[in-house]
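Throughout, read-outs are computed from the coordinates displayed, never taken from laboratory work. Every value quoted in this text rests on a predicted model; they were computed, and no experiment measured them. Every residue, glycine among them, receives a Cβ derived from its backbone with ideal geometry; neighbour counts consider all protein chains shown.
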Amino acid sequence: MNVDEFVKVTEALTKLLGVSIWPVVLVVVLVKFSPALKEFFYGLGEFSFKGGGFEATAKRKQAEASAALVAASVARPDAETTPESAARNAREAAAVVADAVNARVIRRASAATVLWVDDRPENNIFERQSLEALGISFVLATSTEEALKLLSKQQFDVIISDMGRPPDSRAGYTLLDRLRSSGNQTPFVIYAGSNAPEHKAEARSHGAIGSTNRATELFEYVLAALNGRR
């Protein structure tokens, strides 16, 4: 992709979605995986965001959430990532937002506060942005003790936690178990490195609503919890 083509694609995309700021990482990924992702972005012209009667603000929120979730889904390519799989992940992320986000969801999200517990919060920037675009506020904690202190002073609509935080390799469950034993039933999601069925089952046995390593599934878990679906 040459410079002129790059400019045309990014300009067309921002005009299409009605947003002026696109996550920088998505531009980087677009360059890295240009052939397949360029096809995806051009294909967005045929993509129908549900709820065509939305006011402009709601459409913008939906578009911004889609941009950030696409970025989160493709920002960490591994050795097995191909341009085709990156484009497929991007399509899936955009479709998840289109299916999940409507005016009622945005109204509920705008009043929600989520506690995110992770000793490396910089790893989750785009996941947070995808939900912040809908109006969700975040409070960050980097340890179990800090999270418990915050929870003693404030109620949250959802809690997201990673699993291992040194020196506790099961810190996510440590926090979850302490909350459930105290009677705190705040919806809890584990966002960690595994998406294995046995780990999902274990998380539910501890009282979590789910466990995942996929940004799109995390997005769905949070919105489902806010809307009373678990």
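For this structure, a couple of remarks:
- Between K149 and T82, the modelled labels are 5.0 nm apart [label points 7 Å from Cα along Cα→Cβ].
- Here region 153-184 and region 100-121 have alpha carbon centers that stand 18 Å from each other.
- Amide H contacts of V139 (H built 1.01 Å from N, under 5 Å, at least 5 apart or other chain): V114, L115, W116
- Length released on extending from R104 to N227, taking residue separation times 0.36 nm less the Cα-Cα span: 43.4 nm
- Once the convex hull of all Cα atoms in region 111-226 is built, its volume per residue stands at 92 Å³.
- Gain on full stretching of the segment that runs from T57 to S205 - 0.36 nm per residue minus C-alpha separation: 49.3 nm
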